[in-house]
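One structure below.
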Amino acid sequence: MKHFITFEGIDGSGKSTISKLVLEKLKTMGHDVVLTYEPTNSWIGKCVQKCIETNSDPFITAFTFIADRIEHGIQIQKWLDTGKIVLCDRYAESTYAYQGVQLQDKIKNPIKWLKELSKDRIPQPDRTFIFVIDPEKSLSRIQNRDKLIPFERLSFLEKVHSNYLKLASGKQFLKVDALKEKEHLTNICVSDIIK
Ligand code: TYD
């Protein structure tokens with residue numbers, strides 16, 4: 001049985017939809033489970049939203065995402081300590097993948113640097129699902145949203161996508177084909193979590 005599970009992928013990959021379906025299915029099975037997300041809706045999460053909307057300096061953006069996560073991690077640890085299963089829609093790999101792109105021309109090996117800054121200060125997931133989808137397809141899925149944010153551009157998402165693929169090695173990760181049916185994806189995630 002896994003307790004702390006994160007869902008990752010580029011915008012429009014469907015991870016938010018599937019994490020909600022996984023929540024419902026685990027609840028139906030009688031598990032004590034909570035679904036949370038990042039950026040959070042705390043005051044730091046609101047600063048994160050501001051960074052995104054105003055296309056803020058990449059260092060400020062990275063530090064703000066990490067601060068939001070350290071605060072969030074305290075709550076996540078409390079849930080884990082009371083025996084809950086915690087599902088989280090975006091977590092550390094979002095920062096490595098997205099801010100890794102934003103910082104790529106600014107410092108050497110940004111992903112390594114971002115990991116060093118935050119890894120030991122936050123709970124580590126037992127499983128991270130990476131929703132793999134071609135960036136053109138994911139963008140076409142979100143084209144009809146009211147307002148696209150600056151990250152939702154093809155050239156940017158292609159680099160984020162490639163970072164996710166690089167990050168996805170190691171036993172924490174399970175790549176899933178985001179184009180499969182919702183029910184199929186939900187079943188893959190649930191059976192892996194309760195294994
Ligand atoms: P999110 O709220 O998941 O987007 P959506 O509106 O599609 O549900 O996340 C907002 C954006 O922030 C998204 O483009 C991913 C990006 N992001 C980062 O760049 N770094 C991070 O650490 C996180 C958590 C998100």
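Computed from the coordinates by the stated procedures, all read-outs in this text should not be read as laboratory data. Everything numeric in this text was worked out from a predicted model, so none of it was measured. Every residue, glycine among them, receives a Cβ derived from its backbone with ideal geometry; neighbour counts consider all protein chains shown.
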Item checked: Too-long pairs where the Cα-Cα distance tops 30 Å, listed order kept, from Lys84/Lys180; Lys84/Lys108; Lys108/Lys147 -> Lys84/Lys108; Lys108/Lys147
Note to self: To make sure I understand the rule: partners must be lysines, Cα under 17 Å from the Cα of Lys112, and not fewer than 8 residues away in the same chain. Which ones qualify?
What the structure shows: Lys159, Lys166
Next item on the list: Starting from one equal scatterer on each C-alpha and no solvent at all, send me the Debye-based log10 I(q)/I(0) for the chain at q = 0.18 Å⁻¹, two decimals.
Entry: -1.35
Item checked: Centre separation in Å (Cα based) which lies between region 150-181 and region 1-43 -> 17
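Can you give the helix-only mean residue ellipticity at 222 nm for the chain, where every DSSP H stretch with n ≥ 4 adds -39500 (n - 2.57) and the sum goes over all residues, rounded to the nearest 500 deg cm²/dmol?
Details: 7 runs with 93 residues, N = 195.
Mean residue ellipticity at 222 nm (helix-derived): -15000 deg cm²/dmol.
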Margin query: Restricting to Cα pairs below 8 Å that are 6+ residues apart, what does the relative contact order work out to for region 4-194? Please round to a whole percent.
Written below: 34
Check: Any idea what the dipole of the chain comes to, in debye rounded to 20, about its Cα centre with Lys/Arg Cβ at +1 and Asp/Glu Cβ at -1?
Finding: 240
Notebook entry, point to check: Mind checking which aspartates and glutamates have their C-alpha under 19 Å from Lys20, skipping anything on the same chain fewer than 8 residues away?
Noted result: Glu8, Asp11, Asp32, Glu38, Asp89, Asp126, Asp177, Glu181, Glu183, Asp192
